[in-house]
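The values are calculated or read from the model by the stated rules, or taken from the named source; none is laboratory data. Predicted, not measured: the structure shown is a model, and the values here were computed from it. So basically every Cβ, Gly included, is an ideal-geometry build from the backbone, and we count neighbours across all protein chains shown. Just the protein is used for accessible areas: all its heavy atoms, side chains included, with ligands, DNA and RNA removed. Shrake-Rupley method; radii C 1.70, N 1.55, O 1.52, S 1.80 Å.
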Amino acid sequence: MGKRVINMFIPIFCIVLLSSSGESRILDELTLVNSIGFDISESGDKIIGVICNPIFQKDAPPKNNVLSAKAELKKSILQVIQEKSANPIATGSLEILLFGKELTKQKGILDLIDPFTRDPRIGTAMKMAIVDGNVREFMEGNYGVRGNAFFIKWTIDTAVNHGNLPKTNFHRFLVDFHSHGKSPYVPIIKKERENKIKIIGVGFIRFGKLVHQISMEEAYFFKLLTDKYSRGWHDVEIDGYKASIQNINTKRKFELTKSSPPYEVTVKIHLKGVINEYTGIMINNKALGKLETKFEEEIKKRSLELINVFKEKDIDPIGFGRFIKSEDRKFNYQKWRDDYYKNLTVKVDVHVDIDEVGIVE
């Protein structure tokens with residue numbers, strides 16, 4: 001009863017203040033940036049910075065206000081954009097960082113993300129993504145009733161929770177980048193229409209630059225290898241029919257089966273799934289057994305193909321080095337990079353259980 005009385009006296013109107021370095025500011029006097037993008041100029045000698053802030057309107061979705069500027073010094077871009085904004089720029093509500101694909105390949109992103117790692121107002125759950133295309137054109141789209149930043153973040157979260165994208169955010173990127181024995185990765189997104197975007201793959205970063213990317217179909221197998229618990233979708237074909245399988249509970253475990261160089265790691269994957277769609281007439285026990293065996297073989301084959309490509313590209317996004325380091329006190333990271341990773345033997349042990357059959361066409 002006491003709490004109810006207190007709540008009744010809470011004012012229904014308030015003035016929102018943001019604090020930075022001991023300075024209080026009124027919300028209406030700030031440009032609240034919720035997404036920032038970086039791209040490279042056509043000449044390749046300048047960095048283009050783009051910010052997007054929502055302008056809230058009565059009885060209408062927020063308007064996405066986009067500003068951009070060019071600068072030679074990467075860290076000065078926000079100051080250059082500030083000159084075009086009537087109000088001070090505030091990044092405390094930043095939801096996503098975007099980087100042009102060509103910029104990430106040619107120049108890298110380390111200098112660009114450095115100021116955000118030092119800003120205590122930036123949340124570690126903020127998302128990062130690489131844009132396949134022009135960053136400003138991407139940010140100028142209209143992607144939902146709650147603004148572009150929220151829609152992009154929601155798209156990434158949905159792909160992680162219900163699709164083939166492995167877990168990803170700013171904090172995970174920094175942890176992977178700064179830890180020995182694991183390479184960071186970032187989703188790659190593209191503008192399809194004025195009101196639609198699509199995650200088209202996963203990009204892998206080495207020394208701050210994009211060195212390799214995979215499709216979302218390949219990302220399904222990468223997710224099985226990198227996330228301890230994962231969900232996703234994949235189509236498997238048997239006897240000329242296709243089955244769409246959703247894994248509802250997948251567990252992944254590493255075992256160090258040879259603890260001295262050349263190391264050997266066994267990846268154990270246990271997948272429980274359901275068939276959501278099947279193009280045949282009926283799935284009997286025999287067909288179900290064949291489907292499970294075919295799926296196990298495909299997971300093993302595709303996973304080993306990915307691992308071999310990662311070794312060729314000298315990247316370790318699965319984190320074998322970090323795992324072996326936790327198991328071997330004598331682990332030498334320099335030797336791992338120079339020799340041990342190339343000669344690492346990986347075995348994949350897969351067990352698939354399909355418990356339910358859903359829609360049958």
### Message
Calculate the FRET efficiency for K342 and A60 from the Cβ-Cβ distance with a Förster distance of 56 Å, rounded to the nearest 0.05.
### Response
0.45
### Listed residue (A149, P120, I189) projecting farthest to the positive dipole end of the stretch 116-212, Cβ model
P120
### Message
Sort 256-263, 270-277 by packing, meaning the average of other beta carbons within 10 Å per residue, with the highest value first.
### Response
270-277, 256-263
### Query
Over the chain, what is the percentage of antiparallel beta bridges among all DSSP beta bridges, to the nearest 5?
70
### Query
Ranked from highest to lowest mean number of other Cβ atoms within 10 Å per residue, what is the order of the peptides 124-134, 41-51, 280-290?
124-134, 41-51, 280-290
### Query
If you rank E237, E218 by how much accessible surface each has, with a 1.4 Å probe, what is the order from largest down?
E237, E218
### Message
Please report the carbon-and-sulfur percent of the accessible area for the chain; probe 1.4 Å, protein heavy atoms only, DNA, RNA and ligands left out.
### Response
50
### Query
Let a ≥ b ≥ c be the square roots of the eigenvalues of the Cα gyration tensor of the stretch 127-166; is it rounded (a/c under 1.5), or, if not, prolate (a/b larger than b/c) or oblate?
oblate
### Query
Looking at the square roots a ≥ b ≥ c of the eigenvalues of the Cα gyration tensor of the stretch 163-260, which shape do they give, rounded for a/c under 1.5, prolate if a/b is larger than b/c, or oblate?
oblate
### Message
Sequence gap at least 6, Cα distance under 8 Å: using those rules, report the relative contact order of the chain to the nearest whole percent.
### Response
13
### Query
With the Cα gyration tensor of the chain giving a ≥ b ≥ c as the square roots of its eigenvalues, does the rule (a/c under 1.5 for rounded; else a/b larger than b/c for prolate; else oblate) give rounded, prolate or oblate?
prolate
### Query
Cα-Cα over 28 Å: which of K191/K300; K101/K313; K228/K342; K167/K253; K105/K228?
K191/K300; K105/K228
#### Entry: For the chain, size of Cβ-based charge dipole, Lys and Arg +1, Asp and Glu -1, in debye
860
## Note on the structure
Once D355, D176 are ranked on solvent-accessible area with the largest value leading and a 1.4 Å probe, the list reads D355, D176
### Message
Give me the 1.4 Å probe accessible area per residue for the chain, excluding ligands and nucleic acids, in Å².
### Response
54
